[in-house]
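Enquirer: What follows is a structure written as structure tokens; I'll ask about it next.
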Amino acid sequence: MIKVENLTKKFGKLTVLDDVNLHLTGRGCISLIGPNASGKTTLIKSVLGLVVPDSGRILIKGSDIQGDWKYRKDIGYMPQIGRYPDNMTIGQLFKMLIDIRQSTWEQCDKELMDLFEIDKIRTKRLGTLSGGTRQKISAVLAFLFNPDILILDEPTAGLDPVACEILKEKMILEIQRGKLILITSHVLSDLDELVSEVIFLQDGKINFHKSFDQLRKDTGEERLSRAIAKVMGYKGHAQNI
Amino acid sequence: MLKIFKYVFLDIIRNKIVLLYTLALLIISLSMFNISESPEKAIISLLNIELIVLPLICGVFSTIYVYNSSEFIELLVAQPLRRVAIFRSILFGLVAALSFAFLIGLGIPLLIYSPDSTGFIFLLSGVALTACFTAFALVAAVYTKDKAKGIGVTILLWFYFTLIYDGLVLFILFQFGDYPLEKYMIGLSCMNPIDLVRILLLLKIDSAAIMGYTGAIFKDFFGSGMGTIISGSVLLFWFVLPAWLAIRKFRRKDL
């Protein structure tokens, strides 16, 4: 569904993405992991068209996204930090996005909205919300239009344990429905039960891209966080020699 | 496009700063009309507000608004929408909301105390200046990533158009005082939207006499139908140019 070919992006002198090639097929939850400043968010933003790459191209469902905007109707995006116009109420925000997507209230996926009990705070202004509540709103928005591809940037950061579980269950449900979920997260322990593939990004290059089972086998570790730590630790050790 | 415009507009007119701006304009203009002996004198006093305070507030407010909505702009760009459409909606939303505030704040008192063509031109040029300086602000906000720098650029632009430019013109006038510069002054005044509005309005209030021979040339030019059309187009140009620059940059900007 998503194909990235020779993607390069520089911010000034800094090369953030260096000739990245990726092919994501079909369904499942793909976890994008890497140290800070490894280019995770830039990669995600390139797919969304928020960042314009210097060279290379990105294909979504087989067509080049350069200069295209309609392809984004298939993507649900949950940003790392969600901030919305202060003077708008939650209900108005939803109404606006439904308007923009030319959808109707009936067609929308309201499961997450019901579970988070957003209806109770519909008339609250977005400027008065706490960070966690805003995160919930972002999550609801990402799933609202039933997109085939979900891109979640640090979705569990700032959510309380209950909300976190609700979101995870929703993600599992969507994977079963055949959706592709691309996720970045620092809280690796959250991901164990979801992830089917792991992409490890380092210094703007893809270090490896393999299935979680393969990674388990290669490292001999059962948990994702330990497996990743082992991969990173091993690298550091090798460099020291 | 109209949908986003509507929401941006509604968001801004409920902003506390914009409400304060409207209220301040309303109080100042009402008291000016009550203090002054004739409405014309009050308009001359209000002219300074329109030429100095309005550009500053529109510029700084718009810059800050764009920076503060950066995450929201990101959310919109991630939707199936054209970038240009998003940008236009924000630009016109800002212009419409700030013009609305101006029209309430100054328009109501003008309608009460001076409902003639002078008042009408006064309001129209205020809207034009609002549009120009909102567009300038968007250029500053789109080209610089840092918020403090962006606001600095806006203030610098305001400073240039309200003070430095006049200083430069005066400098040229004194240096080349022996030459007949009157006709060139028309060209020079077109290089600055604030100057253009000032001349248009001073001519309208018949204060052209205080400008001497240059005033007579101005009256000849700007008083004619052709001059009005030209000055209107020049003001439009001062809105279209920065807006075009900002859109051109925004199309390929990394958010």
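The values are calculated or read from the model by the stated rules, or taken from the named source; none is laboratory data. Quantities reported herein were computed from a predicted structural model and do not represent experimental measurements. Note that we place each Cβ from the backbone using ideal geometry, even for glycine, and neighbour counts take in every protein chain shown. For the accessible areas, the whole protein counts, side chains as well, though only heavy atoms, and no ligand, DNA or RNA atoms are used. Shrake-Rupley method; radii C 1.70, N 1.55, O 1.52, S 1.80 Å.
Enquirer: How large is the helix-only mean residue ellipticity at 222 nm for chain A, computed as the sum of -39500 (n - 2.57) over DSSP H runs with n ≥ 4, divided by its residue count, in deg cm²/dmol to the nearest 500?
Expert: -10000 deg cm²/dmol, from helical runs alone.
Enquirer: Compare B:F171, B:F102, B:F122 in a GNM of chain B, Cα atoms joined below 10 Å, and give the one with the largest fluctuation.
Expert: Most flexible of the set in this elastic network: B:F171.
Enquirer: Where a Cα-Cα gap under 16 Å defines reach, which lysines qualify for B:K41, not counting those fewer than 8 residues away within the same chain?
Expert: Once the sequence-local lysines are set aside, what remains near B:K41 is B:K204.
Enquirer: To continue, here is another question. Extending each Cα 7 Å along its Cβ direction at A:Q66 and A:A229, get the distance between those two points in nm, one decimal.
Expert: Once both label points are built, they end up 4.4 nm from each other.
Enquirer: For chain A, with all protein chains present and a 1.4 Å probe, just round the carbon and sulfur fraction of the accessible area to a whole percent.
Expert: Roughly 49 percent, rounded to a whole number.
Enquirer: At a probe radius of 1.4 Å, figure out the A/B buried accessible area, summed over both chains, and give it in Å² to the nearest 100.
Expert: The A and B chains share an interface burying roughly 2800 Å².
Enquirer: With point charges of +1 on the Cβ of Lys and Arg and -1 on the Cβ of Asp and Glu, referenced to the Cα centre of region B:2-252, which listed residue (B:L188, B:P80, B:G215) lies farthest in the positive direction of the dipole?
Expert: B:P80
Enquirer: What pairs from A:K9/A:K205; A:K13/B:K145; A:K70/B:K3; A:K10/A:K210; A:K95/B:K16 go past 21 Å between their alpha carbons?
Expert: A:K10/A:K210; A:K95/B:K16
Enquirer: While we're looking at this one, here's another question. Counting only protein heavy atoms and a 1.4 Å probe, tell me what percentage of region B:158-205's accessible area is made up of carbon and sulfur.
Expert: Solvent-exposed carbon and sulfur of region B:158-205 make up 72 percent of the total.
Enquirer: Let me ask something else. Determine, from the Cβ-Cβ distance of B:S224 and B:L19 and an R0 of 56 Å, the FRET efficiency 1/(1 + (r/R0)^6), rounded to the nearest 0.05.
Expert: About 0.85, to the nearest 0.05.
Enquirer: Right, here's the next one. Taking the Cα centre of region B:2-252 as origin, sum charge times position over the Cβ atoms of Lys and Arg (+1) and Asp and Glu (-1), and report the length of that vector in debye to the nearest 20.
Expert: Here the size comes out at about 1280 debye.
Enquirer: Can you sort A:D19, A:D114, B:D11 by solvent-accessible area, 1.4 Å probe, largest first?
Expert: Most to least solvent-accessible, the answer reads A:D114, A:D19, B:D11.
Enquirer: May I ask you to find the residues of region A:61-97 that are shielded by at least 50 Å² of accessible area once the whole protein assembly is considered instead of their isolated chain (probe 1.4 Å)?
Expert: A:W69, A:R72, A:R83, A:P85, A:N87, A:M96
Enquirer: Also: I'd like to know which of A:Q92, A:L115, A:H209 lies farthest towards the positive end of the charge dipole of chain A, counting +1 on Cβ of Lys and Arg and -1 on Cβ of Asp and Glu.
Expert: Value: A:Q92.
Enquirer: Treating the beta-carbon of each Lys and Arg as +1 and of each Asp and Glu as -1, no other charges, what is the dipole magnitude of region A:96-184 about its Cα centre, to the nearest 20 debye?
Expert: Here region A:96-184 has a charge dipole of around 260 debye.
Enquirer: Considering only the other residues whose Cβ falls under 10 Å of the Cβ of B:K145, what net charge follows from Lys and Arg at +1 and Asp and Glu at -1?
Expert: Summing Lys/Arg as +1 and Asp/Glu as -1 gives +1.
Enquirer: First measure r as the distance between the Cβ atoms of B:S38 and A:K124, then evaluate 1/(1 + (r/R0)^6) with R0 = 51 Å and state the FRET efficiency to the nearest 0.05.
Expert: The pair B:S38/A:K124 has a calculated efficiency of 0.50.
Enquirer: Also: Could you point to the residue in B:V66, B:F9, B:I44 farthest towards the positive end of region B:1-81's charge dipole, with +1 and -1 charges on the Cβ of Lys/Arg and Asp/Glu respectively?
Expert: B:F9
Enquirer: Just to make sure I understand: if all protein chains stay in place, what is the order of A:E117, B:E50 by accessible area at 1.4 Å, largest first?
Expert: A:E117, B:E50
Enquirer: Right, here's the next one. Rank B:L188, B:L54, B:L196 by mean-square fluctuation in a GNM of chain B with C-alpha springs under 10 angstrom and give only the top-ranked residue.
Expert: Of B:L188, B:L54, B:L196, the most mobile in the Gaussian network model is B:L188.
Enquirer: For A:T15 and A:V162, compute 0.36 nm times the residue count separating them, minus their Cα-Cα distance, and round to one decimal in nm.
Expert: 49.0 nm
Enquirer: Picking from B:A140, B:A243, B:A216, which is most flexible by a Gaussian network model of chain B using Cα springs under 10 Å?
Expert: Residue with maximal mean-square fluctuation among B:A140, B:A243, B:A216: B:A216.
Enquirer: Given a 1.4 angstrom probe, what's the average accessible area per residue across region A:1-87, in square angstrom?
Expert: Heavy-atom SASA per residue in region A:1-87 reads 42 Å².
Enquirer: Determine the dipole magnitude for region A:1-114: charges of +1 sit on the beta-carbon of Lys and Arg, -1 on that of Asp and Glu, nothing else is charged, the reference point is the Cα centre, and the result goes in debye to the nearest 20.
Expert: 220
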